[in-house]
Amino acid sequence: MADETQYKYLGPRYGSSYRQYFLKGSKIRVEVLFDETVGPDARTPEQVAEDYDVPLDAVYEAIRYCQENEDVLDQDREMESTSIRAHGWDKPPHAPPDYKPE
């Protein structure tokens, strides 16, 4: 896991069950910002910074963090999926009737 001292804008969120970092002083997980910059509808880091009203360098830190800590993100996703299944939130009425988990 990343060393908190190497980031100006990122850090752990105390009390959170997520292991990935958040933007300091917010509830925004770094993966949220990163996800905005990848895929078919990818946006520029500048657009993401403007939309989330965060410094551009914070978006670049989030991107770097996610690229360097894929194992942490994978663990968080698995924890979230397990919780969703355990609570039955992957079934109607919480999920669409045609929902097929990956």
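The residue list P92, V54, V30 was ranked by how far each Cα lies along the charge dipole of the chain toward its positive end, using unit charges on Cβ atoms, and P92 comes out on top. Accessible surface computed residue by residue for the chain, with neighbouring protein chains in place and a 1.4 Å probe, gives 67 Å² per residue. Peptides 12-22, 40-50, ordered by how many other C-beta atoms sit within 10 Å of their residues on average, highest first, read 12-22, 40-50. In a reduced charge model with +1 at each Lys and Arg Cβ and -1 at each Asp and Glu Cβ, the stretch 15-72 shows a dipole moment near 300 debye about its Cα centre. Among the lysines of the chain, pairs that are 8 or more positions apart or on different chains and have alpha carbons within less than 30 Å of each other number 5. The Rg/Rh ratio for the chain is 1.02, where Rg is the radius of gyration of the alpha carbons and Rh is the Kirkwood radius. Between V32, V59, V72, the Gaussian network model of the chain with springs among Cα atoms under 10 angstrom shows the greatest mean-square fluctuation at V32.
The values are calculated or read from the model by the stated rules, or taken from the named source; none is laboratory data. Given the structure is predicted, the values throughout are model-derived calculations rather than measurements. Counting neighbours? That spans all protein chains shown, and the Cβs are built from the backbone with ideal geometry, glycine included. Heavy atoms of the whole protein, side chains included, go into the accessibility calculation; ligands, DNA and RNA do not. Shrake-Rupley method; radii C 1.70, N 1.55, O 1.52, S 1.80 Å.
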